[in-house]
1. Out of all the residues in segment 244-263, is one or more of a type outside the set (Ser, Thr, Tyr), assigned to a loop (DSSP other than H, G, I, E, B) and under 14 Å from the mean Cα position of the chain (by Cα)?
2. Which residues, taken from segment 222-248, are at pLDDT 95 or above and within 19 Å of HIS176 (Cβ to Cβ)?
3. Which condition number in (1) in contact with a Pro (Cβ under 7 Å, 6 or more places away or on another chain); (2) at pLDDT 95 or above; (3) over 17 Å from GLY218 (Cβ atoms) is the one that ASN131 fails?
4. Pick from segment 324-370 the residues that are basic (Lys, Arg) and over 30 Å from GLY146 (Cα atoms): which of them is surrounded by the fewest Cβ atoms within 10 Å (Cβ to Cβ)?
5. Inside segment 276-300, can you point out the residues that are under 20 Å from VAL140 (Cα atoms) and in contact with a helix residue (DSSP H, G or I) (Cβ under 7 Å, 6 or more places away or on another chain)?
6. Would it be correct to say that PHE302 is modelled with pLDDT of 95 or more, hydrophobic (A, V, I, L, M, F, W, C) and more than 22 Å from PRO366 (Cα to Cα)?
7. Just to be sure, is ALA230 assigned to a helix (DSSP H, G or I), small (Gly, Ala, Ser) and surrounded by fewer than 24 Cβ atoms within 10 Å (Cβ to Cβ)?
8. Please find, among GLY277, GLY287, GLY258, GLY282, the residue that is of a type outside the set (Phe, Trp, Tyr) and either buried (at least 21 other Cβ atoms within 10 Å of the Cβ) or modelled with pLDDT of 95 or more (or both).
Amino acid sequence: MAAGTEITQPVSVIDSAPVRDLPSDTYYKDMENGIAWNDTWCQSHSGGKHFPDAPERGLPPPYKKGNIYRVDSCSAMLTSGLADMNTASNLNFKLVLRSGVSCDTGGRRYMEDEHVLIDNLVDHIGPLSMNKMPSSCYGVFDGHGGRDAAQFAKDELLKYIVQDASFPASVEKAVHQGFLNTDQAFAEACRTGNCVSSGTTAIMVLILGREVFVANVGDCRAVLSRKGKAVDMSRDHKPWCKQELMRIEALGGYIHDGYLNGQLGVTRAIGDWHIDGLKGAGCPLSGEPEVRRFLLSEDDEFLIIGCDGLWDVFSSSLAVEFARKRLQEHNDPARCCRELVAEALHRDSSDNLTVVIVCFQASPPPKLSSNLGVRKSLSLQGLKDLQAALDSR
């Protein structure tokens, strides 16, 4: 996120939506193209992969490169419709998770993005922590000043979340603390290693049963397609955001030429401990995430998670419209990610690009019906061409 590249569309904010407790009798099974579950309980998988050398709960330990858990594979406006998501009819639909990812260096010399793509979280952390609940995890980390902070967040953030004493009884609290612990652990890594000059924005999406938790710092964004309508599930932490500006000024920070303290194009990030006066107690750059929660319904089609390289050239609504048309054509989330990245490059995105798409149903998004009659009209140029043709007779 170099100077001059942090241009994005404004987003709306979703605060915590009404969510009823999920049934404990949730059954899931592996599928060829994802994970599906309904409301019949079955024993969860056993023998999952656990985090090696897991630290005790509490403050984050010094970072040890040999003890990284690597995930390889790749206030407050309540959006209309959220209040109806916890009705009984919306709890009875069959949820099928399918995901894909695509990445590109874009206009940069080096790739500084990282991502997490886990359709079956139980296989990665073991069933005991999950209370036999089907679960998935997706994340995008957009590094700046190097890749170290993004790599660290990819390796460590999920670990700190699931090892928090609040997980899974209070997921919001565990996610909130997991971000803070990851930031503090990276600070320790900077004091003892050579990754002192980097930072990263981050967005993490946890799907536990039908509950979805979205947490972010910075300007990565998650956008939901609900019956073809784009619903922002995160808020961009930009210097011109009024809420962020008030927080920054209260801490003695300032915005100069669109940058936090004249140095950074975002107001929240993991890392950046090397910049004097920007990070730490009483400083304006925060590693504290905003956490949103909502309950999936049968109206929810897919989720787009992307770094700011995508949102620099796509509004949320245009990204959903673009992805929805492609999914209707081929119903392949990985291919759709590649097409979104290709289109962003065609639109001259100057940043690294990482796009994750998570589909919630096995079938492609349905065609939207309209009660309005089809109306055809000529453009102004068409009228001129018609008049010219008539005049030539």
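1. No: segment 244-263 contains no residue that is of a type outside the set (Ser, Thr, Tyr), assigned to a loop (DSSP other than H, G, I, E, B) and under 14 Å from the mean Cα position of the chain (by Cα).
2. ALA222, MET233, SER234, ARG235, ASP236, HIS237, GLU244, ARG247
3. (2)
4. LYS367
5. If the condition is that a residue be under 20 Å from VAL140 (Cα atoms) and in contact with a helix residue (DSSP H, G or I) (Cβ under 7 Å, 6 or more places away or on another chain), then GLY287, GLU288, PRO289, VAL291, ARG293, PHE294 are the ones that fit.
6. Against the criterion (modelled with pLDDT of 95 or more, hydrophobic (A, V, I, L, M, F, W, C) and more than 22 Å from PRO366 (Cα to Cα)), PHE302 does not qualify.
7. Judged against the criteria, ALA230 is not a match.
8. Exactly one of GLY277, GLY287, GLY258, GLY282 is of a type outside the set (Phe, Trp, Tyr) and either buried (at least 21 other Cβ atoms within 10 Å of the Cβ) or modelled with pLDDT of 95 or more (or both), namely GLY287.
The values are calculated or read from the model by the stated rules, or taken from the named source; none is laboratory data. Since the model is a prediction, treat every value here as computed from it, not as a measurement. We place every Cβ from the backbone using ideal geometry, glycine too, and count neighbours over all the protein chains shown.
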